[in-house]
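For reference, the structure discussed in these notes is given below.
The values are calculated or read from the model by the stated rules, or taken from the named source; none is laboratory data. Just so you know, these numbers come straight off a predicted model, no measurement behind them. Note: ideal-geometry Cβ built from the backbone for every residue, glycine included; neighbour counts use all protein chains shown. Accessible surface areas use protein heavy atoms only, side chains included; no ligands, DNA or RNA. Shrake-Rupley method; radii C 1.70, N 1.55, O 1.52, S 1.80 Å.
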Amino acid sequence: MLEAVREIWFVEGTTYIKICYGNVFVDGEAGQLGDRGEVDSFKIKSVKKIGDEVVLEIDGKIEKNSGEMVDIRIDEERRIDISQQHTAQHLLSAVFLSEMDAETVGFQMGEEYTTIDLSLGILKDDMIDYVERLCNNFIGEDRAVRKFVVDRSEIQKYHLRKEIKREITESEREIRLVEIDGIDLSACSGLHVERTGQMSLLKILKHEKVKGSLTRVYFVAGKRALNDYFTKHKLITNSSLLLTCSYLDLTDRIASLIDEIRQDNSKIRSFSERLAGYVAREINGSKSRVIFLEDEESILASIPRFVTLEEYLIIGKSDDRILLFCKGYDCREVLTRIKKEFEVKGGSGKERGQFVFDGEFASIKELIENSY
């Protein structure tokens, strides 16, 4: 579509175009995502509303002047996706209200998933399963989704799921209602499908407690829900092959592996402590109070427990991580000195410290030996 440019300016690789409002959906409008696409073959980065006008943020420099026309190509697939997610939100909110008396008090559509905040303190798995199945039954029934404008003087005649905000009823804006046949009636200016069947599928991904007594529900619909199914199906299939079991046995197989890992970790800790004891015995018999070691981190971390010296500075290397253990020295002062000489990232207390160093350990040794 062609749009006249009211204002145009260019800042650091980005063109900003102000056009008349009416043909492009703004980011956050009705709680949904905004349009994307191209303007004169340059990608749209964002769409913002300033007063009654829209500002398009364009990636690149457009050589046009005020009064000239630009060619805006909207991403229609994105609009279909937005309409699927938005209608799914209306459906899900209506079912939660009718079945569990839970009102939707917050709604946020993102690029990957959509969320609603419910006035519901407890939401169990069986409740989610019930709501999800009911929503998908309504989708399968392919019910009509009707959009229509009403006279504000007659708005009280309609039984809306949610009361219209006062600033809307008192403004000059038209009031547009969206009705899912026999399920929901709400005021909304956003994008919606024509029939519930166009959503294909609704999937609740997860839920969590927020803001005390509210529950946030994450969900996807349409192509997003199908992609979620394909991705998870592939993940489950590959996991089953890797673990040589049926996908129905995955939970038990993973639980068994976790138990084995815990047992192995317990054995490793025991072996590490035993080895640390041997190393500490050599340190206790040594005349040096500054000791350099290279070993596994679990062994290095256990050594100070067995050192009986009244004074020591142990510098242990495990891959690119350097561990400091002090008694009679101050690890903070040691690390400060190292940081003055080398590019390292880390922190320290008085008796223990650590930092990451990808250089030669010999250079650390040389600095410490010359300093202590």
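Quick notes
- Residues in segment 118-138 that are closer than 11 Å to residue 203 by Cα and not acidic (Asp, Glu) were compared, and the one that is most open to solvent (accessible area, probe 1.4 Å) is 133.
- Checking residue 286 against (1) in a helix (DSSP H, G or I); (2) open to solvent by less than 100 Å² (accessible area, probe 1.4 Å), the condition it does not meet: (1)
- Flag not set for residue 70, criterion: free of Cβ contacts under 8 Å to residues at least 40 places away in the same chain and surrounded by 15 or more Cβ atoms within 10 Å (Cβ to Cβ).
- Selection status of residue 206, under 21 Å from residue 126 (Cβ atoms), open to solvent by 70 Å² or more (accessible area, probe 1.4 Å) and of a type outside the set (A, V, I, L, M, F, W, C): yes
- Here 104, 115 are screened, and the one residue that is farther than 13 Å from residue 204 by Cα, open to solvent by less than 30 Å² (accessible area, probe 1.4 Å) and either in contact with a strand residue (DSSP E or B) (Cβ under 6 Å, 6 or more places away or on another chain) or free of Cβ contacts under 8 Å to residues at least 40 places away in the same chain (or both) is 104.
- Residues of segment 42-62 satisfying the condition of being over 27 Å from the mean Cα position of the chain (by Cα), modelled with pLDDT of 90 or more and of a type in the set (D, E, K, R): 61
Yes/no per residue for (1) at pLDDT below 90; (2) acidic (Asp, Glu); (3) open to solvent by 20 Å² or more (accessible area, probe 1.4 Å); (4) under 19 Å from residue 205 (Cα atoms):
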{"site": "26", "(1), (2), (3), (4)": "no, no, no, no"}
{"site": "65", "(1), (2), (3), (4)": "yes, no, yes, no"}
{"site": "76", "(1), (2), (3), (4)": "no, yes, yes, no"}
{"site": "109", "(1), (2), (3), (4)": "no, no, no, yes"}
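- When the criteria are applied in full, residue 227 meets the requirement of being within 27 Å of residue 81 (Cα to Cα), open to solvent by 70 Å² or more (accessible area, probe 1.4 Å) and not aromatic (Phe, Trp, Tyr).
- Scanning segment 184-197 for any residue that is loosely packed, with under 11 Cβ neighbours inside 10 Å, out of contact with any strand residue (DSSP E or B) (no Cβ under 6 Å at 6 or more places or on another chain) and either at pLDDT 90 or above or on the phi < 0 side of the Ramachandran plot (or both) turns up nothing.
- Every residue from segment 317-359 that is of a type in the set (Gly, Ala, Ser) and touching a residue at least 24 places away in the same chain (Cβ under 8 Å): 318, 328, 346, 348, 353
- Residue 273 being farther than 20 Å from residue 320 by Cα and not hydrophobic (A, V, I, L, M, F, W, C): yes
- The single residue among 167, 154, 163 that is in a loop (DSSP other than H, G, I, E, B), modelled with pLDDT under 95 and loosely packed, with under 13 Cβ neighbours inside 10 Å turns out to be 163.
- Condition met for residue 182 (among the small types (Gly, Ala, Ser), assigned to a loop (DSSP other than H, G, I, E, B) and over 24 Å from the mean Cα position of the chain (by Cα)): yes
- Leading residue by the ranking (nearest to residue 41 (Cα to Cα)) among those in segment 1-16 that are surrounded by 10 or more Cβ atoms within 10 Å (Cβ to Cβ) and charged (D, E, K, R): 3
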